[in-house]
1. Given the criteria in contact with a strand residue (DSSP E or B) (Cβ under 8 Å, 6 or more places away or on another chain), closer than 19 Å to residue 24 by Cα, in the same structural domain as residue 32 (by TED's automatic domain parsing) and part of a helix (DSSP H, G or I), does residue 153 qualify?
2. If you take the residues of the stretch 33-49 that are surrounded by 15 or more Cβ atoms within 10 Å (Cβ to Cβ) and part of a loop (DSSP other than H, G, I, E, B), which of them is modelled with the highest pLDDT?
3. Taking only pairs six or more apart or across chains, which ones have beta-carbon atoms under 7 Å, a first residue in the stretch 38-64 that is closer than 21 Å to residue 17 by Cα and not assigned by TED's automatic domain parsing to the domain that holds residue 182, and a second residue that is modelled with pLDDT of 85 or more and part of a loop (DSSP other than H, G, I, E, B)?
4. Which of the residues belonging to the stretch 55-84 are in a strand (DSSP E or B) and surrounded by 14 or more Cβ atoms within 10 Å (Cβ to Cβ)?
5. Which one is surrounded by the most Cβ atoms within 10 Å (Cβ to Cβ) among residues in the stretch 85-105 that are of a type in the set (Phe, Trp, Tyr) and not in a loop (DSSP other than H, G, I, E, B)?
6. Of the residues 164, 103, 147, only one is of a type in the set (S, T, N, Q) and touching a residue at least 40 places away in the same chain (Cβ under 8 Å); which?
7. Only one of (1) assigned to a helix (DSSP H, G or I); (2) in contact with a helix residue (DSSP H, G or I) (Cβ under 9 Å, 6 or more places away or on another chain); (3) touching a residue at least 60 places away in the same chain (Cβ under 8 Å) is not met by residue 191, so which one is it?
8. Just checking, which of 10, 26 is at pLDDT 90 or above, in a loop (DSSP other than H, G, I, E, B) and not hydroxyl-bearing (Ser, Thr, Tyr)?
Amino acid sequence: MEANAPKRKEARKSLRIKVISMGNAEVGKSCIIKRYCEKRFVPKYLATIGIDYGVTKVQVRDREIKVNIFDMAGHPFFYEVRNEFYKDTQGVILVYDVGQKESFDALDAWLAEMKQELGPHGNMDNIVFVVCANKIDCTKHRSVDESEGRLWAESRGFLYFETSAQTGEGINEMFQTFYSAIIDLCDNGGKRPPSSMGVGFTKEQADAIRRIRNSKDSWDMLGVKPGATRPSSSTGRDQQLCGAGCAVITGTDGLTTLSGCP
């Protein structure tokens with residue numbers, strides 16, 4: 001053998017990972033998986049019975065990944081079936097229908113169910129989550145806008161993608177980013193690296209922003225009841241809020257002044 005012969009680049013070891021899908025029934029979990037794996041869309045709704053299992057091989061960043069996908073039924077009836085499949089998971093595809101607000105509101109319940117089944121020793125912080133806002137092709141019936149969905153996902157450190165299983169929009173990009181994040185997880189000793197996609201809001205800040213967005217009036221926006229008072233550190237006097245959201249300042253002398261009223 002020649003001394004100067006170039007060394008053959010060693011192939012990186014393939015990964016075997018477990019991925020599960022979560023979300024209410026009829027949000028399109030199975031259709032998203034079929035669109036990516038089989039490049040097709042099934043328009044007729046076929047409910048997943050318990051668990052649908054499949055294996056696929058994908059190439060991401062010059063690395064082969066063997067993916068075990070557990071597509072979990074979203075109907076509450078199948079809870080006793082799916083509760084056995086949460087453990088030893090590296091990635092979660094969390095799906096809601098942008099035209100069904102209740103499916104978006106249910107995301108917290110799905111996370112709570114998973115946390116419960118993982119038990120006290122389970123660590124959801126070391127699992128890659130991707131939130132799919134699905135069925136964006138149905139624009140006329142959309143009830144959850146992108147900013148609300150993205151805020152919910154990124155405030156928790158989750159990936160977020162707008163997808164359509166019917167047209168294929170966002171599907172390939174979502175899976176490539178999702179699998180790439182799982183590779184980073186595995187290369188980091190099973191710990192999820194800090195997300196670079198977040199908007200910098202904590203969960204508490206995101207909840208406050210959501211309250212403001214959904215508030216009925218200025219009282220609701222501030223999270224207080226009409227007529228509420230608060231001490232002012234600058235004046236030493238109580239501040240009462242008027243109906244326009246302005247400060248009604250009452251001093252110790254009983255005199256009342258308005259601050260910021262139009």
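The values are calculated or read from the model by the stated rules, or taken from the named source; none is laboratory data. Every value quoted in this text rests on a predicted model; they were computed, and no experiment measured them. Because the Cβ atoms are built from the backbone with ideal geometry, glycine has one as well, and the counts that use them run over all protein chains shown.
1. Numbers: in contact with a strand residue (DSSP E or B) (Cβ under 8 Å, 6 or more places away or on another chain): yes; closer than 19 Å to residue 24 by Cα: yes; in the same structural domain as residue 32 (by TED's automatic domain parsing): yes; part of a helix (DSSP H, G or I): yes.
Criteria met by residue 153.
2. Start the filter on the stretch 33-49 by keeping residues that are surrounded by 15 or more Cβ atoms within 10 Å (Cβ to Cβ), which leaves 33-37, 41, 48.
Filter again for part of a loop (DSSP other than H, G, I, E, B), leaving 41, 48.
Details: 41: 90, 48: 86.
Only one residue tops the list, namely 41.
3. Qualifying pairs under 7 Å: none.
4. Of all residues in the stretch 55-84, those in a strand (DSSP E or B) come to 55-60, 63-72.
Of everything in the stretch 55-84, those that are in a strand (DSSP E or B) and surrounded by 14 or more Cβ atoms within 10 Å (Cβ to Cβ) turn out to be 56, 58, 60, 63, 64, 65, 67, 68, 69, 70, 71, 72.
5. Filtering the stretch 85-105 down to residues of a type in the set (Phe, Trp, Tyr) leaves 85-86, 96, 104.
Subsequent filtering for residues that are not in a loop (DSSP other than H, G, I, E, B) retains 96, 104.
Numbers: 96: 28, 104: 22.
Of everything passing the filter in the stretch 85-105, 96 is surrounded by the most Cβ atoms within 10 Å (Cβ to Cβ).
6. Going through 164, 103, 147 in turn, the sole match is 103.
7. (1) is the only condition that residue 191 fails.
8. On the way: 10 fails: at pLDDT 90 or above.
Residue meeting the stated conditions: 26.
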